[in-house]
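Working notes, beginning with the structure itself.
Taken together, the values in this text are just the output of simple stated rules run on the coordinates, not laboratory data. Computed from a predicted structure; not experimentally measured. Cβ placement follows ideal geometry from the backbone for every residue including glycine, while neighbour counts extend to all protein chains displayed.
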Amino acid sequence: MLPLLSLCNKSSLWVYENLTKILRTHEEGGNTCFGLTMRLHGELVKLGYSPKLLLGHKKHIKNAHCALSIVDNGTELFLDPGYLIFDPLPIPPDIPQQNKTVFPLQPNWVRLEREGENLCLWTGVANEAAKFRFYFPLGGCTMEEFNLAWEESYTGESMKYLVFNKLDKKTATQYYYQNGKLLIRTPSGSTQRKLEGKEGVEILSGMFGLPRGLLEGHLVK
């Protein structure tokens, strides 16, 4: 478990961003959920695991997300780097009264619910009700199915605007930028501000480690 936890801590420094995916500047397709999941998949294989690829669905949208599961010492664990879930979370059993587990992660807590062979992901913040995010068939998918869903994701709605997301585990702070607005969330609350122009380029470049040249074409008019 120690090498796994070390990997999870290291992967928590990864940044979710769709800019390089929009521009196709990375062969692996940028650092959205598919790119991050495949990156973690490769690292887990190096540690000797046999990670299972999971495609995440919403009620009316198939293949909207992805994640991983592994078995460690007989326990099935869930990992979702694309949703900033870097802690290996035990998947609850398909047993009534035991099929839900709440994990008090910060600043966003997580609830996993087992519904037969589907795993449902819910997340929440302090003083707010949990929100359903995705369900994952635990049977997993093939690499071919995963890559097809990855390629189809290039035409999705999320490719029409910029999204950057990262977690500072040491301070339990989430930095989330979407379509011109920056949200900073901590366990005690959240703040939001609008970012644009050269100031926005400087802040986002420093915060998410993105080249200024790539950002300028999208934020400076």
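Taking the chain as a Gaussian network of alpha-carbon nodes connected by springs under 10 Å, the highest mean-square fluctuation of the residues LEU148, LEU121, LEU68 belongs to LEU148.
Only Lys, Arg, Asp and Glu carry charge here, each on its Cβ (+1 for the first two, -1 for the last two); on that basis the range 1-134 has a dipole of about 320 debye about its Cα centre.
In the range 44-106, the C-alpha radius of gyration followed by the widest Cα-Cα span (Dmax) gives 12.9, 36 angstrom. With one equal scatterer per alpha carbon and no solvent term, the Debye-computed log10 I(q)/I(0) for the chain at 0.10 1/Å reads -0.45.
Taking amide H as placed 1.01 Å from N in the peptide plane, the amide H of LEU105 sits under 5 Å from that of VAL110, each at least 5 places away or on another chain. Of all the options ALA64, ALA129, ALA149, the one that moves most in a Gaussian network model of the chain with Cα springs shorter than 10 angstrom is ALA129.
Between LEU47 and THR171, the simple label model (points 7 Å from Cα in the Cβ direction) yields a spacing of 2.7 nm. Pop the C-beta distance of LYS160 and ALA130 into the FRET formula with R0 = 25 Å and round what comes out to the nearest 0.05. For LYS160 and ALA130, the calculated efficiency is 0.35.
Phi angles of the range 90-96 translate, via the Karplus equation with coefficients 6.51, -1.76, 1.60 and θ = phi - 60°, into HN-Hα couplings of x, 7, x, x, 8, 10, x Hz per residue; Gly and Pro are given as x. Distance between the 7 Å Cα→Cβ label points at GLU145 and ILE95: 2.8 nm. Each of SER6, SER12 was scored by other Cβ atoms within 10 Å of its Cβ. Arranged with the fewest first, they read SER6, SER12. Residues ILE22, ILE95, ranked from the fewest to the most other C-beta atoms within 10 Å, line up as ILE95, ILE22. Ordered by the number of other Cβ atoms lying within 10 Å of each residue's own Cβ, fewest first, PHE132, PHE86, PHE34 fall into the sequence PHE132, PHE86, PHE34. Look at the alpha carbon pairs under 8 Å that are at least 6 residues apart: their mean separation over the length of the range 48-139 gives a relative contact order of 21 percent. Close amide H pairs (under 5 Å, H built 1.01 Å from N) link ASN31 with GLU17, THR20, LYS21, residues at least 5 positions away or on another chain.
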